[in-house]
Amino acid sequence: MIRTDYDIDGKPIAENYEDHLIQSLKDPAYAKDYLNAALEDDDYHVFLLALRDVANAFGITNLASNAELNRENIYKMLSAKGNPRISSLMPLLRAIGIRLSTETAPKTPTPVKQRKPKAGKSLIRA
């Protein structure tokens, strides 16, 4: 017999993390926050992995139809070696109910460039 626990709102609690994640990612607002968190990483592959989680939650076949993209191409672009074009990414995000936007990055200190000595010159002064 499978035991089902319920949260304070009376919704069934998922039995494991993956089930809970998939259920949560079906909400476009949660998916947006999840993808934005992935964008905080400097490696764009983290974003693609997160987008794959979101796409799986919505159903690849369903998204392919709604985005008018080939299902196999979605799998390919979200694979470990994927490198999707913006022309493929935008319809996929629209089908999920998300759009891209930009914001200014926090200003980071500019590194001080060290001057290179001119050829034949020494940095040591006599």
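Values as computed for the structure displayed
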{"item": "Single unsatisfied condition, ALA64 versus (1) in a helix (DSSP H, G or I); (2) surrounded by 18 or more Cβ atoms within 10 Å (Cβ to Cβ); (3) in contact (Cβ under 8 Å) with a residue 24 or more places away in the chain; (4) not basic (Lys, Arg)", "result": "(3)"}
{"item": "Evaluation of GLY82 against (1) touching a residue at least 12 places away in the same chain (Cβ under 8 Å); (2) surrounded by 13 or more Cβ atoms within 10 Å (Cβ to Cβ); (3) in a helix (DSSP H, G or I) (one fails), failing number", "result": "(3)"}
{"item": "Boolean, LEU35 is surrounded by 16 or more Cβ atoms within 10 Å (Cβ to Cβ), without any contact (Cβ under 8 Å) to a residue 60 or more places away in the chain, part of a helix (DSSP H, G or I) and not acidic (Asp, Glu)", "result": "no"}
{"item": "Residue pairs meeting the criteria (Cβ under 7 Å; at least 6 apart or on separate chains; first among the aromatic types (Phe, Trp, Tyr) and at pLDDT 75 or above, in segment 1-18; second in a loop (DSSP other than H, G, I, E, B) and surrounded by 10 or more Cβ atoms within 10 Å (Cβ to Cβ))", "result": "TYR6/ILE13"}
{"item": "Within segment 38-61, tally of residues that are surrounded by fewer than 15 Cβ atoms within 10 Å (Cβ to Cβ), under 16 Å from MET90 (Cα atoms) and among the β-branched types (Val, Ile, Thr)", "result": "0"}
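The values are calculated or read from the model by the stated rules, or taken from the named source; none is laboratory data. As the structure is a computational prediction, the values presented were derived from the model and not from experiment. Cβ coordinates were reconstructed from backbone atoms using ideal geometry, including for glycine residues, and neighbour counts include every protein chain displayed.
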